[in-house]
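The values are calculated or read from the model by the stated rules, or taken from the named source; none is laboratory data. Note that the structure is a prediction, hence the values are computed from the model and not measured. Cβ: placed from backbone, ideal geometry, glycine included. Neighbour counts: every protein chain shown. The accessibility values were calculated without ligands, DNA or RNA, using every heavy atom of the protein model including side chains. Shrake-Rupley method; radii C 1.70, N 1.55, O 1.52, S 1.80 Å.
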Amino acid sequence: MSGEMDLKLEALSRFIVTSPSWAWSLAIILVLCGCVEIMSILGSNESFTNPNLFPIAAYLVPALAALAFTPWLARRFSGKLDYGWSGLTAALGLIISLFVSLSPILLFRFSFALFFAVSLALVFAFRMLLLAAVVDFHLRKVVVPAFVHSGLAVLGAAPFLGLWFVQVSVLLHISFVIGVYAFIVVIERPMKANFGIGPLQLVNAFLLHLSEGSHKLNDFFRSIGESVVVPQVSLVLQREGKEEIFVTVPNVHPGPLGEIGGSNLPKILHGQIGDAAMVFHGSASHDFNPVDETEVKKVGDAVLASLPGSCTNTRCTKAGRYRHGSVKVMAQAFGDTVIAVATRSPLVTEDLDFALGFAIMKAGEKYFPHVGFVDGHNCMDTLSDGVYSGTELGMEYLGAAEAAFAATAQAEQGPFSAGYAHKALPFTRTEGFGDLGVQVLVIAAGGQKAAYVLFDGNNMQTGARDEIRRRLLALVDECEVATTDTHVVNTVSGRNQVGLRVPVDRFYPLVEEAVREALADASPARSAGVTAWCRGVVVFGSQRISQIASTVNAMIGFLLPVAIIIIVGAFLTTAMAYFLLVY
């Protein structure tokens, strides 16, 4: 995936949190309130058998009620909130209330009622904003669920603090409702102006994706998407009495994350094209993310429509390895079709931009009608920038590919055998492995055995590709290890590469088994190459992810000044209203 886009998404991920278990929140509430009660008893003439009821009525009961009843209230207003989020909001609300109401006592000993009223207004504002992001971006639907904590606290404290406290609390709550509404209007304007959707609405959709697998984000991506035409080169390998093997190289990107957009593109195309379909990673960044599964299936339909009825070529070259600068390319020709896999391992590399990949394909068409150019996507430890046309690195890719195409076109072709194996791996998406596990294609030609190993994952930990290749060279004469770049393994970050959480030693034995199975499966084969032009595929569009991330980061920059202005305004409004009422 494109490093620049990854860095943008990684930057945004620091603003995204998941809720802890409600039991942890309950424990925090009980411990904090217990400490306040003990301090209250020690600082007064009360005893443990006759405790001070104020901390219980004003702190404990409202927090427990907020934890227990906020989900029910959210449902009453057509929203949905689990108890994890409810507990988190209740615990954070209690912490805000304790800090704001108790910390000033050392300096302003006789001002507790005022600071407690202020703390409850802040709790109310905080809960409104958080519930607007988590439950529903329509403020009217979260005002009542947000009010349950501070409202019960006002009622619980009223017998102890008197009518003045209640009056000030009511005025502060009214001022803060207006202030929060103004705050949301201000912060939403940039994104609504650029994309027609507010950040809270976007967060709603994203959190629904995390919690329920919702695809609401796809509607947003479709609204900002644009239609493109991309080539997709496929190689069909037929064997007598055995299933056909398909090698295909899409030039759209399997992102952005989870099940959103085209993130599961490799599995979807594998299901469409055939059980022995290997979906490699072509040249595309997040600009070329399909907006949803429907667009991925358009790609698959175009490939299926272009497949030849029969395979007539019976010859191929040996796999050769070529280098220019830091870029290495393994290339092998099957009649009029060439498959080339590029890597810079052990140097970190991210996605190749479509324009660069298209230029490489056009360079190869001087020698072959069908040019399948694969980005190995097999070396990563930190997020880095992608590879673009006109850069020094881009020219290295172009130079290495041209050298590979020219030399492969001159290489002798002879009869060949093909073998295939597919092995599921006992690891999860969170461990960096997609649903397809590992696939292996073995080509035996001219006395050479070459293996193409494809992991369903998003890149590989630096060194993993080299270690796997080193071990496999005891079984075959040449090999390359690649990943599909599936983004189902990513939630909010681009860093979940194969080998990061599960070391090579744990999964290599299964890879070796797959290679041995592919070697045993090898039998004489015929081939046919085809280039499908996938038209009308709606993708995210040029620089859209970057624009969204930049807009959000710009908004983050003025959140604090706007919040301070609105809070000060709310206090001034409350003070004026109070004096008008009293005097």
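Output the residue which, of all residues in segment 269-286 that are touching a helix residue (DSSP H, G or I) at 6+ places or on another chain (Cβ under 7 Å) and farther than 18 Å from TRP533 by Cα, is surrounded by the most Cβ atoms within 10 Å (Cβ to Cβ).
Across segment 269-286, the extreme among qualifying residues is SER285.
I'm checking my understanding of the structure. Among residues of segment 298-322 that are open to solvent by 40 Å² or more (accessible area, probe 1.4 Å) and among the small types (Gly, Ala, Ser), which one is nearest to THR248 (Cα to Cα)?
ALA305
Considering each of PHE354, PHE334 in turn, give the residue that is in contact (Cβ under 8 Å) with a residue 40 or more places away in the chain, open to solvent by 10 Å² or more (accessible area, probe 1.4 Å) and of a type in the set (A, V, I, L, M, F, W, C).
Answer to the selection: PHE354.
In segment 462-484, is there at least one residue being among the small types (Gly, Ala, Ser) and either touching a Pro at 6+ places or on another chain (Cβ under 8 Å) or at pLDDT below 95 (or both)?
yes
Only helices (runs of 4 or more DSSP H) wholly contained in segment 56-145 count here; list those with 1 or more residues that are modelled with pLDDT under 85.
Once the helices (runs of 4 or more DSSP H) in segment 56-145 are filtered for at least 1 residues that are modelled with pLDDT under 85, what remains is 83-102, 112-134.
Hey, can you tell me all the residues within segment 146-198 that are modelled with pLDDT of 85 or more, of a type in the set (S, T, N, Q) and either open to solvent by 30 Å² or more (accessible area, probe 1.4 Å) or in contact with an Asp or Glu (Cβ under 8 Å, 6 or more places away or on another chain) (or both)?
Within segment 146-198, just GLN167 meets the criteria.
Out of everything in segment 357-412 that is charged (D, E, K, R) and closer than 24 Å to ASN496 by Cβ, what residue ends up being most open to solvent (accessible area, probe 1.4 Å)?
Across segment 357-412, the extreme among qualifying residues is ASP385.
Residues in segment 467-511 that are under 30 Å from ASN289 (Cα atoms) and not in a helix (DSSP H, G or I): how many?
25
Name the residue that is farthest from SER234 (Cα to Cα), counting only residues in segment 505-521 that are of a type in the set (A, V, I, L, M) and surrounded by 19 or more Cβ atoms within 10 Å (Cβ to Cβ).
Applying the filter and picking the extreme gives VAL511.
Could you please find all residues in segment 341-373 being over 29 Å from the mean Cα position of the chain (by Cα) and assigned to a strand (DSSP E or B)?
Hits for segment 341-373 are HIS370, VAL371.
If you go through segment 284-329 one residue at a time, how many are in a strand (DSSP E or B) and either of a type in the set (S, T, N, Q) or modelled with pLDDT of 95 or more (or both)?
Here the count works out to 11.
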